[in-house]
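The values are calculated or read from the model by the stated rules, or taken from the named source; none is laboratory data. Since the structure is predicted, the reported quantities are computational estimates derived from the model, not experimental observations. In this analysis, Cβ positions are derived from the backbone assuming ideal geometry, glycine residues included, and neighbour counts consider all displayed protein chains.
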Amino acid sequence: MIATFGGGCFWCTEVIFQNTPGVISVAPGYMGGNRENPTYEQVCSGATGHVEVIEINYDETQTSFQELMEVFFKTHDPTTLNRQGADVGTQYRSVIFYHSDEQQTEAQNFVSELENAQVFNAPIVTAIEPAVTFWVAENYHHNYFNQNPENQFCQVVIAPKLKKFLSSR
């Protein structure tokens, strides 16, 4: 099964889902824009309309779309429009791209449940949109945290996020 989430920088979300049981693979890329074969630089400009996303291939006998959404909502801020931390722009918006009617319904129900339970201190702005063409990111973005653990961004932003996620399981 496939799930596609945009939750800010794909370097941050990729490593979280690489450490999620039942996930077979995670690929960073772009979705939702108006340009074919976008580059990182083009997406970062905000001009293409794409979102930095991760495409997750998972084993539904080991995890569910619901469980993946739980991880997604625990590991990014779904209440900030076009922003995750210091990353600002439409390419960092919170979005679930659904691949089936079932995923659409599950996502809508999940967001409604979170809103009704007032889990967050502000309204959830996560968009729920149909999946369109997934454009795989350039090779240097793949497995970024694991290949660049000494990078300052990895140390300051990603490592604490990953540590918090791993300690909460």
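For this structure, a couple of remarks:
- Considering only residues in region 126-156 that are of a type in the set (A, V, I, L, M) and within 17 Å of residue 98 (Cβ to Cβ), the one that is surrounded by the fewest Cβ atoms within 10 Å (Cβ to Cβ) turns out to be 132.
- Condition check for residue 109: of a type in the set (S, T, N, Q), more than 23 Å from residue 29 (Cβ to Cβ) and exposed (fewer than 15 other Cβ atoms within 10 Å of the Cβ): yes
- Where residue 66 falls short, out of the listed (1) out of contact with any Asp or Glu (no Cβ under 7 Å at 6 or more places or on another chain); (2) within 21 Å of residue 21 (Cβ to Cβ); (3) not in a loop (DSSP other than H, G, I, E, B): (1)
- Residue within region 82-94 that is surrounded by 15 or more Cβ atoms within 10 Å (Cβ to Cβ), among the hydrophobic types (A, V, I, L, M, F, W, C) and within 17 Å of residue 6 (Cβ to Cβ) present: no
So that you can scan it fast, the table gives a plain yes or no per residue for (1) farther than 20 Å from residue 73 by Cβ; (2) without any contact (Cβ under 8 Å) to a residue 12 or more places away in the chain:
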site: 9; (1), (2): no, no
site: 15; (1), (2): no, no
site: 25; (1), (2): yes, no
site: 29; (1), (2): yes, no
site: 32; (1), (2): no, no
site: 35; (1), (2): yes, no
site: 45; (1), (2): yes, yes
site: 48; (1), (2): yes, no
site: 51; (1), (2): no, no
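- Residues that are under 20 Å from residue 158 (Cα atoms) and either small (Gly, Ala, Ser) or modelled with pLDDT under 95 (or both) within region 83-111 comprise 83, 84, 85, 86, 87, 88, 89, 94, listed in sequence order.
- Candidates are the residues of region 18-56 that are assigned to a strand (DSSP E or B) and of a type outside the set (A, V, I, L, M, F, W, C); the one that is surrounded by the fewest Cβ atoms within 10 Å (Cβ to Cβ) is 25.
- Among residues of region 69-81, those that are surrounded by 16 or more Cβ atoms within 10 Å (Cβ to Cβ) and in a helix (DSSP H, G or I), counted: 4
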